[in-house]
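Notes follow once the structure below has been shown.
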Amino acid sequence: MFQHLLIAHDGSEPSRSAAHRGIDLAAELRAQVTLITVSAPFHIENLEEPVMLVDAEREYVKARTRIAQSWLRPCEKYAESRGVEAASLHVFDDQPHRAIAETAKRAGCDLIHMGSHGHSGMVALLLGSTTYRVLTHATVPVLVHRARGG
Amino acid sequence: VFKRILAPTDGSIASMQAARAGVDLARELGATVIFITVSKPWSVFSLDPIVLSVTNEKKYLEDTARVAGVRLQACEEYARSQGVNARSVHIYEEPVWKAIVEEARNLQCDLIHMAAHGRRGGVALVIGSTTGKVLTHAPAPVLVHRGEATVPR
């Protein structure tokens, strides 16, 4: 059965709750988990005055990393409390679905676990775009955890 | 975490593989599996070849029940071989996704376990229309299973 779950987390409440349920599932299956957060890479054209910000990229990476850690650490703690072996990854990629599908392949994960909506999920009846794209790109099963009230 | 798994099957290889994988997961979790097959209701005005191929309602119901029965029994037998508690339902409703969502709710299933696409899913990279609709309307988490069948990319 499933031995290694890849759990995607974008910091939103639905994805936090989905991550916890994924860890619960891993606990029951005695599987290990890898938690992943994907951030947009640094783009100089996103800045209004690039020349004034020589340290911008370094600052950006630092800030994103700090934010990602603030999402991933509590999940790692929760995994530890459930006796689940957990690792976490923070990846920079313009296309989160690609990073998730590729990481699943590279890390040998046999199940991708994610929420039906993350940050950009606005309409409760529709599937989030990242989730939908992961579903179309993944080569392993994907468990889509619905946000309550969705 | 999951105690009652709904496993829809339309008889396609992908859906039968998914049903077996659902049983394997249920075995690990000590869950019950409910297999479900949805057939189109009889209609004199139907344009569907399967419905049109028979001449009367009684015959249609008999045929579809027999086909669904064979399929569901195969699933139940696999579940039994794995020591997993299972039962099945065969219902007549259209559209199929709606029936799956409603039954998941009625039967209080906490996971829907299904293939990325069934009989009509031609392209491996997209999600079948029924699976897509179930994903957007499901009252419970949905595990989308990928078949082992290799598809040229």
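The values are calculated or read from the model by the stated rules, or taken from the named source; none is laboratory data. No experiment lies behind these values; they were computed from the predicted model shown. Neighbour counts are summed over all protein chains in view; Cβ atoms, including those assigned to glycine, are modelled from backbone coordinates with ideal geometry.
Computed quantities for the displayed model
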| read-out | value |
| --- | --- |
| Segments classed as helices (runs of 4 or more DSSP H), wholly inside segment B:33-123, with at least 1 members that are of a type outside the set (S, T, N, Q) and modelled with pLDDT of 95 or more | B:57-81, B:96-106 |
| Hits in segment B:8-28 (condition: out of contact with any helix residue (DSSP H, G or I) (no Cβ under 6 Å at 6 or more places or on another chain) and not hydroxyl-bearing (Ser, Thr, Tyr)) | B:ASP10, B:ILE13, B:ALA14, B:MET16, B:GLN17, B:ALA18, B:ALA21, B:GLY22, B:ASP24, B:LEU25, B:ALA26, B:ARG27 |
| Qualifying residue in segment B:37-48 (condition: within 14 Å of chain A (Cβ to nearest Cβ) and either out of contact with any Asp or Glu (no Cβ under 7 Å at 6 or more places or on another chain) or closer than 19 Å to B:PRO139 by Cβ (or both)) | no |
| Verdict on B:LEU135 being within 21 Å of A:HIS117 (Cα to Cα), crowded, with 22+ Cβ neighbours inside 10 Å, among the aliphatic types (A, V, I, L, M) and at pLDDT below 95 | yes |
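Quick grid of which residues meet (1) within 13 Å of the chain's Cα centre (by Cα); (2) surrounded by fewer than 21 Cβ atoms within 10 Å (Cβ to Cβ); (3) free of Cβ contacts under 8 Å to residues at least 60 places away in the same chain:
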{"residue": "B:PRO8", "(1), (2), (3)": "yes, no, no"}
{"residue": "B:TRP42", "(1), (2), (3)": "no, yes, yes"}
{"residue": "B:LEU47", "(1), (2), (3)": "no, yes, yes"}
{"residue": "B:TYR60", "(1), (2), (3)": "no, no, yes"}
{"residue": "B:HIS90", "(1), (2), (3)": "yes, yes, yes"}
{"residue": "B:ARG105", "(1), (2), (3)": "no, yes, yes"}
